[in-house]
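*Asks:* Would you mind keeping the following structure in view while I ask a few things?
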Amino acid sequence: MYEPRRPGPLVIDEPLRATLARLRVHRAVAAAPVLSPKDVAVAELRLGCAIRDEVWATIAALGRDPADLATDTELASATASLPAGYVVFELDGRKSYWCVRRDPGDGEATQVFQWSGRHHRFVRRWPDLGGFITAHFGLPRSPLVAEVSDSVGGTFTPRLATSQARIPSRRVHHLHFGDGIVVDESFGRAHKLEVDFEGYGRKQVLASYVREIDAVPPADEPTPVDGAAVVGEVA
């Protein structure tokens, strides 16, 4: 029987944490490294297996949606004959997939395998996830990047967190809707907030279009085009 994960930090070793911090600096990822336990549970139920924390930590570091793993795996299985024992972790071109084992052995490193949908066979293997990330994403090794990554890595903790755990009670300001209270938050392909605006009700907006209430912009700051900041209304 499947048991949903509890909120809290994802368990990864120090070398991988440092590598993921470098990855975020290199790709300028702004989204918080947080995944919803509900989103992770839905993805794992679709996949029919539990995924290692190392993999989820990487997904969190990249600001990706957990559903991507299930969707990409289902697509690769249907169109590229991906063997049943693997989960697609990263796409590489139209017909190439980087995968991890569904059920790696205890104590076994998280290996990454490249599946060729064109030739229907594995064509490459990385013995560990950190090495794959460094090579695949072309992480630079310059002293400046290392220094910045170290400063980021000092507070970098990928984790699972419910909406309530992620969102302290706070007020924000939107240039069109005015002041509101944040009632929910989501991290995926875009960082979104659900805000209860005074006089407008609940609306889902991009986080980049609101400011904390103590940092309301001056009156002469240009206003974005109407509707550009709004993702949708919440019934």
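*Asks:* Going Cα to Cα from Lys203, which lysines come in below 30 Å? Please leave out same-chain ones fewer than 8 positions away.
*Replies:* Lys38, Lys192
*Asks:* Next up: For segment 8-160, what is Rg from Cα atoms divided by 2.2 N^0.38 Å, rounded to two decimals? Let's see the in-between values first.
*Replies:* Working: Rg = 15.2 Å, N = 153, 2.2 N^0.38 = 14.9 Å.
For segment 8-160, the normalised Cα radius of gyration comes out at 1.02.
*Asks:* While we're on this one: Looking at segment 8-160, send over the antiparallel percent of its DSSP beta bridges, to the nearest 5.
*Replies:* Around 90 percent antiparallel, to the nearest 5.
No lab work stands behind these numbers, since they all come straight from the coordinates. Keep in mind that this is a model prediction, so the values were computed, not measured.
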